[in-house]
1. If a residue must be assigned to a loop (DSSP other than H, G, I, E, B) and not small (Gly, Ala, Ser), how many such residues does the range 68-109 contain?
2. Testing Asp64 on (1) closer than 18 Å to Ala335 by Cβ; (2) modelled with pLDDT of 95 or more; (3) not β-branched (Val, Ile, Thr), one condition comes back false. Which one is that?
3. Can you pull out the residues in the range 27-54 that are of a type in the set (Asp, Glu) and out of contact with any helix residue (DSSP H, G or I) (no Cβ under 9 Å at 6 or more places or on another chain)?
4. What pairs come out if I take residues in the range 217-231 that are surrounded by 15 or more Cβ atoms within 10 Å (Cβ to Cβ) and pair them with residues that are β-branched (Val, Ile, Thr) whose C-beta lies under 6 Å away, six or more apart or interchain?
5. Being touching a Ser or Thr at 6+ places or on another chain (Cβ under 9 Å), outside any strand (DSSP E or B) and of a type in the set (Gly, Ala, Ser) is the filter here; which residues of the range 229-254 pass it?
6. May I ask you to list the residues in the range 193-207 that are touching a residue at least 60 places away in the same chain (Cβ under 8 Å) and of a type in the set (S, T, N, Q)?
7. Quick one: which of Ile214, Ile203 is of a type outside the set (S, T, N, Q), in a helix (DSSP H, G or I) and closer than 17 Å to Ala356 by Cα?
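The values are calculated or read from the model by the stated rules, or taken from the named source; none is laboratory data. Everything numeric in this text was worked out from a predicted model, so none of it was measured. Counting neighbours? That spans all protein chains shown, and the Cβs are built from the backbone with ideal geometry, glycine included.
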Amino acid sequence: MSDESNMNRTIRLGMVGGGKDAFIGAVHRFASRLDGRYQLVAGALSSTPEKAQESGHTLGLEEDRIYCSFADMAKREARLKNGIEAVAIVTPNHVHYAATKEFLSRGIHVICDKPLTSTMADARKLEKLVEKSDALFFLTHNYTGYPMVRQAREMVRARELGAIRVVQVEYPQDWLTVEQDNKQAAWRTDPTRSGIGGSTGDIGTHAHNLACFISGLKVESLAADLQSFVSGRALDDNGHVLLRFEGGARGMLWCSQVAPGNENNLKIRIYGEKGGLEWHQEHPNQLHHTTYGEPKRILSRGGAGQHDSVASATRTPPGHPEGYLEGFGNLYSDAADAIRLYQAGKTPDTLVPGIAAGMDGMKFVDACVRSSAKNAGWVKLTS
């Protein structure tokens with residue numbers, strides 16, 4: 001088979017989690033199909049056997065490719081001639097490590113929802129597994145797949161802003177303003193399944209990742225003031241964080257799930273010695289750019305001024321909105337390219353976050369919790 005035909009061959013995909021009534025599982029399945037790069041052929045879609053079977057049948061999986069445990073799925077699929085080549089892990093955080101371990105140890109590539117794991121101990125073990133594995137690991141910080149986010153990254157890398165001085169990022173939501181009686185809220189506010197971070201782990205990691213992805217900087221130390229405003233809630237639902245980046249840049253991060261009037265209001269502002277950038281997730285197709293001393297301009301996705309390297313991340317003409325699902329789709333397509341290159345014996349260079357970004361996110365949450373326990377004292381991120 002030629003290299004070109006192998007690159008275009010559909011990847012056999014499995015899924016752990018994401019069964020009936022699981023929002024994020026449907027998102028991942030849609031993203032994997034968007035560019036025709038994957039075919040879902042197997043799944044351990046729920047820890048409840050009845051739900052696993054029902055979900056598998058609904059998705060049209062063959063009976064013998066519907067599993068009731070990810071361990072059984074990993075063992076059998078690794079032995080099949082046409083077993084899965086990659087697996088998407090879309091479970092609550094506490095399952096990420098064990099599931100990833102099962103598949104990586106059998107040479108099956110892993111596409112895992114963020115954050116990396118629920119505990120730092122598991123994260124460190126996973127980091128070692130990835131280093132030793134002969135399979136690839138991807139982490140779906142989906143906002144890195146947005147075309148104008150990648151445009152902003154390219155402009156920073158091209159020094160169009162000069163040396164970065166200030167990074168401000170925020171991600172407010174309102175859906176946990178009061179206690180919610182549903183599955184999605186239940187595991188996110190449970191330390192045994194979510195980990196030590198509430199809003200910091202769920203959406204703060206997205207804000208942190210976006211700031212680092214665009215700016216190219218790493219957080220060196222931080223001071224965090226975390227709150228659990230809802231009575232009886234075990235994990236933070238709001239956090240204000242001051243950031244110090246390596247190299248001297250400064251930043252602020254706000255994450256909240258108790259901010260009425262905010263749905264998914266992720267936004268970022270970056271300022272350098274020559275100019276600034278601003279991007280809003282709820283208006284993802286525009287990027288505001290100002291060169292100091294000149295009028296502000298608005299760059300449109302797919303329009304004039306777009307860097308050539310960003311073109312592959314956009315699908316429709318300017319003015320036709322692209323966003324959340326397409327961002328996920330870009331990550332899946334980029335991962336597919338990396339998998340095929342790796343199978344061809346080549347070293348892939350991809351924008352999809354991996355184990356390093358995952359560890360950075362875990363260190364961010366850990367530092368936030370440690371800092372807040374010290375009355376918002378400054379702490380360094382662990383090495």
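1. First, pick out the residues of the range 68-109 that are assigned to a loop (DSSP other than H, G, I, E, B): 68-69, 80-85, 90-92, 105-108.
Now drop any that are not not small (Gly, Ala, Ser), which leaves 68, 80-82, 84-85, 90-92, 106, 108.
Of the residues in the range 68-109, 11 are assigned to a loop (DSSP other than H, G, I, E, B) and not small (Gly, Ala, Ser).
2. All conditions pass for Asp64, except number (1).
3. Quick first cut of the range 27-54, residues of a type in the set (Asp, Glu) only: 35, 50, 54.
The answer is Glu50, Glu54.
4. Final answer for the pair search is Leu222/Val241; Ala224/Val241.
5. Those that are touching a Ser or Thr at 6+ places or on another chain (Cβ under 9 Å), outside any strand (DSSP E or B) and of a type in the set (Gly, Ala, Ser): Ala234, Ala249.
6. Ser194, Thr200, Thr205
7. Values: Ile203 fails: closer than 17 Å to Ala356 by Cα.
When all the criteria are applied, what remains is Ile214.
Listed here are the residues, each with its yes/no results for (1) free of Cβ contacts under 8 Å to residues at least 40 places away in the same chain; (2) touching a Lys or Arg at 6+ places or on another chain (Cβ under 7 Å); (3) buried (at least 24 other Cβ atoms within 10 Å of the Cβ).
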{"site": "Phe138", "(1), (2), (3)": "no, no, yes"}
{"site": "Ala158", "(1), (2), (3)": "no, no, no"}
{"site": "Val166", "(1), (2), (3)": "no, yes, no"}
{"site": "Trp187", "(1), (2), (3)": "no, yes, no"}
{"site": "Pro191", "(1), (2), (3)": "no, no, no"}
